[in-house]
Amino acid sequence: MGSFAELERLSAELRYAIGAAQAAEREGQWVEALDGFERSLRLLKDAEHGELASSLLRWIARIYMDGGHLPEADDCLEAALAVAELVQDRAARAHALNCKAILCQKRGNLDEAEELYSAAGLWAREAEDLKLVAMTEQNLGTIANIHGDLDLALKHYWVSLEGYRRLELGEYLGPLLNNLAMLHTQLGRFEDAERLFEEAFDNALQAGAAYTQVAVQVNRVDLWITQGDLSRAMEACDAAFGLAQRLGASRWLAEIHKYYGTLERETGNHRRALEELRRAEALAREAEDHLLTAETLRERAEVHWCEGQHRETLECLLAAYRLFFELRAGPDLADVDRQLNRLENRFSEIVLQWGESIESKDRYTHGHCKRVAELGCALARATGMDEKVLVWFRMGAFLHDVGKVAIPSEILNKPGPLTQSERSVIEGHAEEGDRLLANIEFPWDIRPMVRHHHEHWAGTGYPDGLTGDEIPLPARVLCIADVYDALTSERSYRMAHSPRRALSLMEEGAGTVFDPGLFRTFKGLVQEGKIEPGTRVRLKPVQGRRSGEERWLNQASPVFPYRTPLVRFAPMS
């Protein structure tokens, strides 16, 4: 906040208004704080108090930022910067730049925010405003942390901490110590994290900073879960819940219910976990916190997966994916790219396991969906399909036979020829699969692959008798991959064919069963040795990822962690 010697020369009414507004802001009473600062600004008519006018504008902007009113905050900060430049006050200019950096950070413009924090730090040093120097170091630490440079973040934080302590600014230590504790949790330095959280909480208690107390307790939950100490995590959750309930802090209550859901799942109480997570989701939506909503939906997906509820798992994951994707253009950009990568990995894992669980009914088709996905991706890439689309094509390939869940095992495993009625049951799997996926909104349309992968180029396939280009391209690709794997795999009624024999048999269907152009491309891939039955087809990594985030689309996806909270650090101003 800052203190000014000139306050002593102001009227008692103005001093009282500023003090009351500052106290209201500390208590999280945003409406009262905003009214108080705006009233103070109206009372401040003396042009000599330029620094104070700039400060009041900044404080008003910060309240607008906290409330999500970013355009209004931007207007106030432009005015604060203009006033600072008008009165040629370096410190006021530095503070205004720091606040503009905070606004950029909220909008997800991290590079611009980093530049502004650095500029604010330089102006603060010239003005010998050591408190602001410490603030900008803290804020640069948050940017480094978001970028994943934990060592650099640690350096910035320690410089900031040393500055606050040298200036005896105890009221600023709580949030910084909380950030340091979170960073040590990320680094696996749990004893240091525990000590720092304790110090942060004691500081917040002494300063009467209720919201910092809640933040510390919530972050302690994450520390204990990370260490697998669920009983202490539950104790911290209960303590945070009590504080947040007294404050009426619905945003924090949503986060706490999310952690309750995680803890209930970890202890095997899935029904209770879903209750807590639904409550968390409702509160997050009410607070219009899309980031927390997405995280909560992802947690719900994990519970549904534990219960073997594949459809519900995918519905929640896809809803989370949409929110995370939208946030890439929103104010919560921070760690969203990494979250999207992890979600895509989780999709692959869940969809593959769902496909394999269906295959388990048919002892002769084990691994079929996985092999078809690999073959199909190789052909799809050769047609020029975008790498990002291939992620979802592959998932459609995993699920192409999902409708077989409705087919009795005795028909799937029948060693002899099928009767006409049995064949009709088998052929119904395409429509059944389409029906099963009807209410799941994938980012890319998977259903046509599932419904139409048995359509024939000449119109003799099922279920809709489509011809030629009426058949969606992904389904035409999948049809070739599906038949090739079936021919080169052992089945209940015959031995596996060699690749050469399989291609010879398929060539008879080029132009009747298969898209002739696609088949020529596929045949070339096989003859060039780029595709072999029963082997993995290595695909190129997804482009456009951050360094270290690339992955092979066809490799087994790593297990997605049960929770990966985004970095949430409050910048200092």
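The values are calculated or read from the model by the stated rules, or taken from the named source; none is laboratory data. If you're wondering where the values come from, they're calculated on a predicted model, not measured in any experiment. Heads up, the Cβs are rebuilt from the backbone with ideal geometry, glycines too, and the neighbour counts pull from every protein chain shown. Only protein heavy atoms, including side chains, enter the accessible area calculation; ligands, DNA and RNA are left aside. Shrake-Rupley method; radii C 1.70, N 1.55, O 1.52, S 1.80 Å.
For region 164-202, which GluC sites (Glu not before Pro) are both in a DSSP coil and crowded by at most 11 other Cβ atoms within 10 Å?
Numbers: sites: GLU168, GLU171, GLU191, GLU194, GLU198, GLU199; in loops: GLU168.
Here the GluC sites (Glu not before Pro) that fit, given the DSSP loop and packing criteria, are GLU168.
Give the shape of region 99-213 as rounded, prolate or oblate, defined through the alpha-carbon gyration tensor: a ≥ b ≥ c are the square roots of its eigenvalues, a/c under 1.5 means rounded, and otherwise the shape is prolate if a/b is larger than b/c and oblate if not. Could the numbers behind the result be given before it?
Values: a/c = 1.75, a/b = 1.26, b/c = 1.38.
Oblate, because a/c is 1.5 or more while a/b does not exceed b/c.
Enter the Cα centre distance for the pair region 10-64 and region 177-195, rounded to the nearest angstrom.
One Cα centre to the other: 35 Å.
If R0 is 51 Å, what FRET efficiency do you get for ALA406 and ALA282 from their C-beta distance, rounded to 0.05? Can you show the working numbers first?
Working: r = 34 Å, r/R0 = 0.67.
Efficiency, from the Cβ-Cβ distance: 0.90.
With a/c under 1.5 counting as rounded, go ahead and sort region 43-113 into rounded, prolate or oblate using the C-alpha gyration tensor (a ≥ b ≥ c being the square roots of the eigenvalues; past the cut-off, prolate if a/b is larger than b/c, else oblate).
Details: a/c = 2.98, a/b = 1.61, b/c = 1.85.
Oblate, because a/c is 1.5 or more while a/b does not exceed b/c.
Please list log₁₀ I(q)/I(0) at q = 0.17, 0.19, 0.21 Å⁻¹ for region 152-247, using the Debye equation with identical point scatterers on the alpha-carbon positions.
Scattering profile of region 152-247, log10 relative to I(0): -0.71, -0.86, -1.01.
Could you run the Debye sum over the Cα atoms of region 197-295, one equal point scatterer each and no solvent, and tell me log10 of I(q)/I(0) at q = 0.19 Å⁻¹, two decimals?
-0.89
For region 421-497, which whole-number percentage of the solvent-accessible area (1.4 Å probe, protein heavy atoms only) is attributable to carbon and sulfur atoms? Write out the running numbers ahead of the final one.
Numbers: 1560 of 3330 Å².
About 47 percent, which is the carbon plus sulfur part of the accessible surface.
Relative contact order of region 215-261, please, whole-number percent, based on alpha carbon pairs below 8 angstrom and at least 6 residues apart.
Details: 36 pairs, mean separation 17.5, N = 47.
Worked out over region 215-261, it gives 37 percent.
Would you mind checking LYS100/LYS155; LYS155/LYS388; LYS131/LYS155 for any pair whose Cα atoms are more than 29 angstrom apart?
Details: LYS100/LYS155 23 Å; LYS155/LYS388 37 Å; LYS131/LYS155 17 Å.
LYS155/LYS388, as the Cα separations exceed 29 Å there.
Given 0.36 nm per residue, what is the gain on full extension from VAL31 to LEU43 after removing their alpha carbon distance, in nm? Display every interim value, and only then the final one.
Working: separation 12, 0.36 × 12 = 4.32 nm, distance 1.84 nm.
Extending this stretch completely gives an extra 2.5 nm.
Measure off 7 Å from each Cα along the Cα-to-Cβ vector at LEU187 and LEU152, then give the distance between these two points in nanometres to one decimal.
1.6 nm
Rounded to the nearest 0.05, what FRET efficiency do ARG232 and GLU275 give with R0 = 22 Å and r taken as the Cβ-Cβ distance? Could you check?
Values: r = 23 Å, r/R0 = 1.03.
E(calc), rounded to 0.05, equals 0.45.
How large is log10 I(q)/I(0) at q = 0.19, 0.20, 0.22 Å⁻¹ when the Debye formula is applied to the Cα atoms of region 45-170, each weighted equally and without solvent?
Calculated log10 I(q)/I(0) at the listed q: -1.05, -1.13, -1.28.
Label points 7 Å out from Cα along the Cβ direction at THR521 and ALA496: separation in nm?
If labels sit at THR521 and ALA496, their model points lie 2.6 nm apart.
Quick check: at a probe of 1.4 Å, how many percent of the accessible area of region 231-287 sits on carbon and sulfur atoms? Please list the in-between numbers first.
Numbers: 1200 of 2580 Å².
That fraction is 46 percent.
Over the alpha-carbon set of region 248-315, work out the extent along each principal axis and list the three values in angstrom, largest first.
35, 23, 13
Once neighbouring chains are kept in place and the probe is 1.4 Å, which whole percent of the accessible area of region 106-151 is contributed by carbon and sulfur?
Numbers: 860 of 1930 Å².
So the carbon and sulfur contribution to the accessible surface is 45 percent.
Run the paramagnetic zone check for ASN439: 7 angstrom along Cα to Cβ, then residues of region 382-404 with backbone nitrogen under 14 Å.
In region 382-404, the label zone of ASN439 (backbone N under 14 Å from the point 7 Å along Cα→Cβ) covers no residue.
Give me the distance between the Cα centres of region 451-530 and region 66-100, rounded to whole Å.
Their Cα centres are 65 Å away from one another.
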